[in-house]
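Each remark here refers to the structure printed beneath this line.
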Amino acid sequence: MTSSVGYEVLFHRHPGNPILTAADWPYPAHTVFNAGATRLPDGTTLLLCRVEDRRGHSHLCAARSDNGVDRWRIDPEPTLWPDPERHPEELWGIEDPRITFVDELGKYAVTYTAFSRGGPGVALALTSDFRTFERYGLVMQPDDKDAALLPRRIKGRFALLHRPWMAPCADIWISFSPDLRNWGGHRQVLPARRGSWWDANRIGLSPPLIETSRGWLMLYHGVRRTAAGSLYRLGAALFDLETAEQCLLRGDSWIFGPETAYERQGDVGYVTFPCGYTLDADGDGINLYYGAADTSVALAKGSIGQILDWLDRHGTQ
């Protein structure tokens with residue numbers, strides 16, 4: 001399918017968007033956005049939403065739905081509060097969770113941004129029920145964010161994708177650990193492009209990587225700075241299945257960006273920022289949950305097969 005201006009459409013917005021806003025919340029909230037996502041064993045879709053209060057500080061709150069679209073059951077109080085007394089890295093809030101179920105552990109790994117005087121860093125917590133959490137604290141020091149764990153070990157080690165800031169650019173890196181606490185083997189896997197590209201100078205992982213028979217599919221955000229501000233749009237790349245380090249294909253064009261009023265108007269306009277997805281029973285349909293203008297949560301649906309086909313036709317090595 002192509003758009004009115006001739007571009008191929010890979011993600012279709014749900015007609016009920018935005019699907020979650022602060023008006024849905026059972027307690028005072030300024031904005032709700034950037035939700036991690038997973039499907040629970042009983043088929044329920046769980047979104048772990050970033051909720052910002054009027055101080056500008058964020059916490060995480062779970063919303064559950066039988067169909068992943070509406071009739072959300074939202075926790076009556078925050079699901080995961082910042083805990084600055086025991087974790088000073090969370091002094092100014094916790095943000096932008098990504099969720100990965102790690103079969104070896106039988107638990108969900110939640111990576112999130114912990115924000116404090118030192119800047120944003122990557123924190124990790126494990127949970128089996130999204131009621132209680134085992135915090136591991138910082139696993140990547142500031143300035144670092146946009147992180148997600150792979151669901152299985154790579155050559156015997158856990159692997160984490162993340163985005164350190166090294167002025168003037170921010171690129172995507174991978175790091176490895178034997179125990180989720182000690183990390184090394186840091187390596188850049190996807191650089192931000194230079195010049196006038198849509199993803200020049202600053203990129204970051206969006207939802208966790210998607211394992212396919214052809215490799216790890218990465219959906220990543222690129223930031224283009226303009227005279228009117230920054231544009232956040234989505235691109236795609238494919239990585240080697242055995243190492244998760246070698247980029248096999250990278251699309252030159254962005255595939256999803258702010259077009260609607262709820263994506264262009266909000267606290268931070270012109271932002272589409274996915275942190276989570278679920279897959280349909282066929283393993284091909286993808287439900288992408290994204291923050292719209294840093295103000296609400298929206299949903300777009302696509303096909304893994306179509307994205308891979310698009311990369312074959314429009315990607316470069």
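The values are calculated or read from the model by the stated rules, or taken from the named source; none is laboratory data. Here the structure is a predicted model, which means the values were calculated and not measured. So basically every Cβ, Gly included, is an ideal-geometry build from the backbone, and we count neighbours across all protein chains shown.
Please list, ordered by residue number, the strands (runs of 3 or more DSSP E) wholly in segment 192-307 having 2 or more residues that are surrounded by 23 or more Cβ atoms within 10 Å (Cβ to Cβ). Here the list reads 202-205, 215-226, 229-239, 272-279, 285-292, 296-303. Under the condition of being of a type in the set (S, T, Y), under 17 Å from S303 (Cβ atoms) and under 19 Å from the mean Cα position of the chain (by Cα), the residues counted in segment 207-241 number 1.
Within segment 114-125, residues that are on the phi < 0 side of the Ramachandran plot sit with their Cβ atoms under 8 Å from residues that are in a strand (DSSP E or B) and among the basic types (K, R), at 6+ positions apart or across chains, in these pairs: P120/K145; G121/K145; V122/K145; A123/R135; L124/R135; A125/R135.
Scan segment 233-248 for residues that are touching a Ser or Thr at 6+ places or on another chain (Cβ under 7 Å) and more than 15 Å from I172 (Cα to Cα) and the total you get is 1. Each residue in segment 140-161 was checked for being touching a Phe, Trp or Tyr at 6+ places or on another chain (Cβ under 6 Å) and either without any contact (Cβ under 8 Å) to a residue 12 or more places away in the chain or in a strand (DSSP E or B) (or both), and 2 of them qualify. For first residues located in segment 16-27 and loosely packed, with under 12 Cβ neighbours inside 10 Å, partners that are modelled with pLDDT of 95 or more and assigned to a loop (DSSP other than H, G, I, E, B) and lie 6+ apart or on another chain with Cβ distances below 7 Å form the pairs G16/V69; G16/D70; P26/P76. Figure legend. Inter-residue proximity from segment 170-184: first residues among the hydroxyl-bearing types (S, T, Y) and modelled with pLDDT of 95 or more, second residues assigned to a loop (DSSP other than H, G, I, E, B) and surrounded by 11 or more Cβ atoms within 10 Å (Cβ to Cβ), beta-carbon distance below 7 Å, spacing 6+ or different chains. Indicated pairs: S175/W183; S177/W183.
Could you pull out the residue among L105, L60 that is in a loop (DSSP other than H, G, I, E, B) and either free of Cβ contacts under 8 Å to residues at least 40 places away in the same chain or in contact with a Leu (Cβ under 6 Å, 6 or more places away or on another chain) (or both)?
Details: L60 fails: in a loop (DSSP other than H, G, I, E, B).
Sole residue among the options that is in a loop (DSSP other than H, G, I, E, B) and either free of Cβ contacts under 8 Å to residues at least 40 places away in the same chain or in contact with a Leu (Cβ under 6 Å, 6 or more places away or on another chain) (or both): L105.
For segment 261-317, name all the residues that are in contact with a Phe, Trp or Tyr (Cβ under 9 Å, 6 or more places away or on another chain), within 16 Å of H12 (Cβ to Cβ) and among the acidic types (D, E). Correct list: E263 only.
Based on what the data block shows, is G106 over 16 Å from S58 (Cβ atoms), at pLDDT 95 or above and over 17 Å from the mean Cα position of the chain (by Cα)?
Values: over 16 Å from S58 (Cβ atoms): yes; at pLDDT 95 or above: yes; over 17 Å from the mean Cα position of the chain (by Cα): yes.
So G106 fits the description; yes.
With respect to the conditions (1) within 22 Å of Y290 (Cα to Cα); (2) touching a Lys or Arg at 6+ places or on another chain (Cβ under 8 Å); (3) of a type outside the set (D, E, K, R); (4) surrounded by fewer than 19 Cβ atoms within 10 Å (Cβ to Cβ), V122 falls short on a single one, namely (4). Scanning segment 49-66 finds no residues that are of a type in the set (S, T, N, Q), at pLDDT 95 or above and surrounded by fewer than 16 Cβ atoms within 10 Å (Cβ to Cβ).
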